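K.L.:
Please find one structure pasted underneath; my questions will follow.
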Amino acid sequence: MIAGRSIDHVGIAVRELEPAIGRYELLGFRLAAREVVADQGVEVAFMALDGGTSVELLAPLTEESAVARFLARRGEGMHHLAVLVDDVRAALAEARARGWQPVDAEPRRGARGKWIAFLHPRDTGGVLIELCQKP
């Protein structure tokens, strides 16, 4: 079993951050962090609620980024569900042992310095799952 601890965040693909930030602020979220993740070709904004729930808004920096391709195919909306795990490397090994083909062969650095790896939606019921581990 992949030992998920909690939902870390829900990733939402958007064309532009500013209007999306405004929409979430209307729902009571506050901008908690914003950063560029250059190797993934995105700028992200983390929107938080007081209860600890977080939404990661992802806007593409280039037309070649995975998020840009997602937007071209599906439009704005849910991109991924991030699950906090104690050990991303062990979670990837467990996924492989179950016959799943992870998107990432090895963990890599993501936003907020976390170690991340993605599991392909074909193995997870149609939802892109991000495994993330605190730095």
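Every read-out reported here was derived from the displayed coordinates using simple, explicitly stated rules and does not represent laboratory data. What you are looking at is a predicted structure, and each value in this text was computed from that prediction instead of being measured. With ideal geometry, Cβ positions are generated from the backbone for all residues, glycine too; neighbour counts draw on all protein chains shown.
K.L.:
Could you count how many residues in region 4-51 are among the charged types (D, E, K, R), part of a strand (DSSP E or B) and under 28 Å from residue 104 (Cβ atoms)?
P.N.:
The qualifying residues number 5.
K.L.:
What are the pairs with Cβ atoms under 7 angstrom where one residue, in region 107-135, is assigned to a loop (DSSP other than H, G, I, E, B) and the other, located anywhere, is basic (Lys, Arg) and surrounded by 15 or more Cβ atoms within 10 Å (Cβ to Cβ)? Sequence gap at least six, or different chains.
P.N.:
134/114; 135/114
K.L.:
Just checking, does region 52-61 include any residue being farther than 25 Å from residue 16 by Cα and not in a loop (DSSP other than H, G, I, E, B)?
P.N.:
no
K.L.:
Quick one: residue 93 ticks every box in (1) small (Gly, Ala, Ser); (2) within 16 Å of residue 3 (Cα to Cα); (3) in contact (Cβ under 8 Å) with a residue 40 or more places away in the chain bar one, so which box is it?
P.N.:
All conditions pass for residue 93, except number (3).
K.L.:
For residues that are farther than 26 Å from residue 69 by Cα and either in contact with a strand residue (DSSP E or B) (Cβ under 7 Å, 6 or more places away or on another chain) or in contact (Cβ under 8 Å) with a residue 60 or more places away in the chain (or both), tally how many sit in region 1-36.
P.N.:
Total satisfying the criteria: 9.
K.L.:
Just one of 82, 48, 59 is without any contact (Cβ under 8 Å) to a residue 24 or more places away in the chain and either touching a Pro at 6+ places or on another chain (Cβ under 7 Å) or not acidic (Asp, Glu) (or both); which is it?
P.N.:
It is 48.
K.L.:
While we're looking at this one, here's another question. Looking at 66, 3, which is the one that is among the aliphatic types (A, V, I, L, M) and touching a Pro at 6+ places or on another chain (Cβ under 9 Å)?
P.N.:
After ruling out the rest, the residue left standing is 66.
K.L.:
Residue pairs, Cβ under 9 Å, 6 or more apart or interchain, first in region 63-77 and at positive phi, second in a strand (DSSP E or B) and surrounded by 10 or more Cβ atoms within 10 Å (Cβ to Cβ). List them.
P.N.:
Between residues of region 63-77 that are at positive phi and residues that are in a strand (DSSP E or B) and surrounded by 10 or more Cβ atoms within 10 Å (Cβ to Cβ), the close pairs are 75/13; 77/12; 77/13.
K.L.:
Would you confirm, using the coordinates I've provided, whether residue 69 is touching a strand residue (DSSP E or B) at 6+ places or on another chain (Cβ under 9 Å), assigned to a strand (DSSP E or B) and either surrounded by fewer than 19 Cβ atoms within 10 Å (Cβ to Cβ) or among the charged types (D, E, K, R) (or both)?
P.N.:
In short, no.
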